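As structure tokens, the structure follows; a few thoughts come after it.
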Amino acid sequence: TRQFGAPAYLDNDATAGAMGEAVFGAGRGVDCFAYFTISTGIGGGIIIDGKTYRGCGENAGEFGHTKILPDGPKCNCGDRGCLEALASGTAIARIAREGLNAGAKSVLMASDVTAELVAHAASEGDKFACEVWSLAMYYLGIGIANVVNILNPRLVILGGGVTNAGDMLFGPVRRVVNERAMSALAVDVEIVPAANGDLVGLMGAFAVALDACGF
């Protein structure tokens, strides 16, 4: 559509994030990579042979809705056991809150717990926070290992607010992927942080526009 004499383009936010990383970020010059955004939810985008892979219905890359636990917690998509319900920022906060309400001992408070606070408490050695965080990172690693086994990417780029935890996230996730992905595929892949940071939406929008205009 056109408004004010200028074209407008619409795209999935995680797909746009992957495109932004391909053009301006950690995926520059890489022909094959998978992008995860790990925030309130978990989304993804796929670049194959330097081009965005969208699937037959243009909905490819829903990494957050891969099934990790068949009878796991209910996800917003209506199914159970999705990666998003186990390792997103929202899920980490929910799991911590459930444990605190059940009587877990921690410096955390159920009334205002967030994934960021769980990560901070875990970094300070809080036993309960460490358990919640470690389990979420295990599930995230399993989800990424599944994508590595399916796509055999050169890179897996991780973005989104939860990745602000830095080595607390990347360390355990890399270990799980090395342990659980097929060894020949795990050797091929590097797991790296997104380069666009808080500008991921803006850079993604630029990339979508450039792609739509044929640049």
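The values are calculated or read from the model by the stated rules, or taken from the named source; none is laboratory data. Keep in mind that what you see is a predicted model, and the values were worked out from it rather than measured. Backbone-built Cβ (ideal geometry, glycine too); neighbour counts: all protein chains shown. The accessibility values were calculated without ligands, DNA or RNA, using every heavy atom of the protein model including side chains. Shrake-Rupley method; radii C 1.70, N 1.55, O 1.52, S 1.80 Å.
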* Using only the Cα atoms, work out Rg/Rh for the range 64-143, with Rh taken as the Kirkwood radius, to two decimals. => 0.97
* Quick one: pull the percent of accessible area on the range 1-147 belonging to carbon and sulfur, 1.4 Å probe, ligands and nucleic acids left out. => 52
* Asked: Roughly how big is the range 57-120's charge dipole about its Cα centre, with Cβ charges of +1 (Lys, Arg) and -1 (Asp, Glu), in debye to the nearest 20?
  -> 280
* Structure fact -> Comparing L155, L83, L202 in a Gaussian network model of the chain (Cα, 10 Å), the one with the largest mean-square fluctuation is L202
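Given the DSSP H assignment, sum -39500 (n - 2.57) over each helix run of at least 4 residues in the chain and divide by its residue total; what's the result at 222 nm in deg cm²/dmol, nearest 500?
Rounded to the nearest 500, it is -13500 deg cm²/dmol.
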* For the range 1-157, calculate the relative contact order in percent as a whole number, restricting contacts to Cα pairs under 8 Å that are 6 or more residues apart. => 20
* Asked: Given a 1.4 Å probe, how much area per residue of the chain is accessible, in Å²?
  -> 52
* To do: Compute the signed sum of charges (Lys and Arg +1, Asp and Glu -1) over the other residues within less than 12 Å, Cβ to Cβ, of V177.
  => 0
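Which net charge results when you count Lys and Arg as +1 and Asp and Glu as -1 among the other residues whose beta-carbon is under 12 Å from that of H65?
Around H65, the charge tally is -1.
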* Asked: Given the C-alpha centroids of the range 112-130 and the range 63-93, what is the distance between them in whole angstrom?
  -> 20
* Asked: Rounded to the nearest 0.05, what FRET efficiency is calculated for E116 and F170 with R0 set to 22 Å and r the Cβ-Cβ distance?
  -> 0.85
* Asked: Amide H to amide H, which residues 5 or more places from G72 or on other chains are under 5 Å from it, using H placed in the peptide plane?
  -> G81
* Asked: Among A165, A16, A87, which one moves the most in a GNM of the chain with springs linking Cα atoms closer than 10 Å?
  -> A165
* **Gaussian network model of the chain, springs between alpha carbon atoms under 10 Å - residue of G57, G99, G41 with greatest fluctuation** => G57
* **Anchor K74: aspartates and glutamates whose Cα lies under 19 Å away (excluding residues fewer than 8 positions away in-chain)** => E62, E84, E98
* Fully extended, how many nm does the chain gain between E179 and M109 (0.36 nm per residue separation, minus their Cα-Cα distance)? -> 21.8 nm
